[in-house]
Every structure is written in C-alpha cells, then in structure tokens.
1. For the pair Glu188 and Ala141, how long in nm is the line joining their label points, each one 7 Å along Cα→Cβ?
2. State the percent of C-alpha pairs, over all pairs in the range 125-171, separated by a distance greater than 13 angstrom.
3. At what distance in nm do the modelled label points of Asp62 and Glu76 sit from each other, each positioned 7 Å from its Cα along Cα→Cβ?
4. Give me the one-decimal nm value for the distance between modelled label points at Tyr94 and Lys129, 7 Å along each residue's Cα-to-Cβ direction.
5. Could you tell me what percent of the accessible area of the range 88-193 is made up of carbon and sulfur, with a 1.4 Å probe and every protein chain present?
6. With a ≥ b ≥ c the root eigenvalues of the C-alpha gyration tensor of the range 55-109, is it rounded (a/c under 1.5), prolate (a/b larger than b/c) or oblate?
7. Using every Cα-Cα pair within the range 27-123, state what percent have a distance larger than 19 Å.
8. So if each residue of separation counts as 0.36 nm, and I subtract the Cα-Cα distance between Glu158 and Glu54, what length gain in nm does that give?
Amino acid sequence: MYAIRYKELVKKDEGINNNMAKKRDKKISCEGNGCEELSNGQKVDSRIYPYLQEMFDAARKDGIYPVVWEGYRTYEEQQKILDDKIKAYINEGYSQSRAERTAKEWVALPGTSEHQLGIAVDINADKSKSSNDEAYTWLAANAHNYGFILRYPQGKQEITGTSYEPWHYRYVGVDAAREIYERGICLEEYFEQ
C-alpha cells in the first residue's frame, strides 16, 4: 500500500514526480483496495472515500445533492482529455498551436493533474434535485469540516496558476482544511508557512 499523498503540492510547471505517478498507476488497478469505485463509475482513493461520503450525506440532509463528476484519472486518461480538448478547439477553427495553448489553459498536462493522485474530485450537482450553484455554495461553506478544500479559489489565480474552479475539491485532512478555510488561504500559501 502506498502512503496517502494529500500533502503533495502539484504545480503546473513541476507536476507529480512522473516515476512515482507511473508506479502508482501500476499499483492501483482500482480492482483491489487502492481505489473506491463510486456508483457513477468514478473512482477516488479508498482512504478519502469515507470523508467524501460523510460530506455528501451531510449535504443531502441540507437538500443539496452533489455528485463526483470527475475523480481519479490515470496518466493516459489525462492525456486523452487534453487531446480531445485540442481537437475541439481545432474543430472550432483554431490553429494547431493556438488550440494547444488554449487547451492547456483549461486542462492540466498529464503528470500535472491532481486527479492523478486520487484525492481530487470535481463535484457538481444532481441537477434533477439541486443546482450546481447550490452545491458550490454548500461545499464552499462546509467542505473543510470533512477534510476537503476548494483547490482553486477566487482571487488566488496568481498564486495557484489556475483560474477559479468552484467544482474542484482536494482532500488535505480535516485539520489542514479547517486552517486553510479559516485563514482564507490556498494550498500554496499553506505550504509556504
């Protein structure tokens, strides 16, 4: 079993240690005990699953119905997402270089996505029961109580290198999440202290 890496900072310009990421992808088949498969087929690190489930149960009690839109991704899955985004921009008439540049503003390069750690999730709402805005508002006010932080908060783009993403949450542990929330800082600022 590998050590949980919730205190690893993944930067666009540095990324995940590729040797570690490749070893981890080989270790985690998500058929064993490394990943937990959710009811919609998404996967998360099995050690964050209880906290995620507890958070979702609490949200449902408040009439909010969150779902994991994206969870754990392999290196290959991340590459496919990037390739598909580039193709979409080319189909819109962008040149190859502009399509690549624009896609990289929205999609992390393989080896630089927190989703490859298995502890980051994109959360939206079950739109038949609540709205994304309701889910984002609830998560922003409560996720820290379950060990999750809004990874790319508003006003922190210069520090994180990523635009505001109200759906992207990362598990960091309850104590760290509460401190980050209470101080109004992002993960990079937390690691700088």
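1. For Glu188 paired with Ala141, the spin-label model returns 2.9 nm.
2. It works out to 57 percent of all Cα pairs.
3. 3.9 nm
4. That separation, rounded to one decimal, is 3.5 nm.
5. 44 percent
6. Prolate is the answer for the range 55-109, as a/c is 1.5 or above and a/b outweighs b/c.
7. It works out to 51 percent of all Cα pairs.
8. Gain on extension, Glu158 to Glu54, equals 34.2 nm.
The values are calculated or read from the model by the stated rules, or taken from the named source; none is laboratory data. Computed from a predicted structure; not experimentally measured. Positions of Cβ are backbone-derived with ideal geometry, glycine not excepted, and every protein chain shown enters the neighbour counts. Each accessible area value is taken on the protein alone, full model and side chains, heavy atoms only, with ligands, DNA and RNA left out. Shrake-Rupley method; radii C 1.70, N 1.55, O 1.52, S 1.80 Å.
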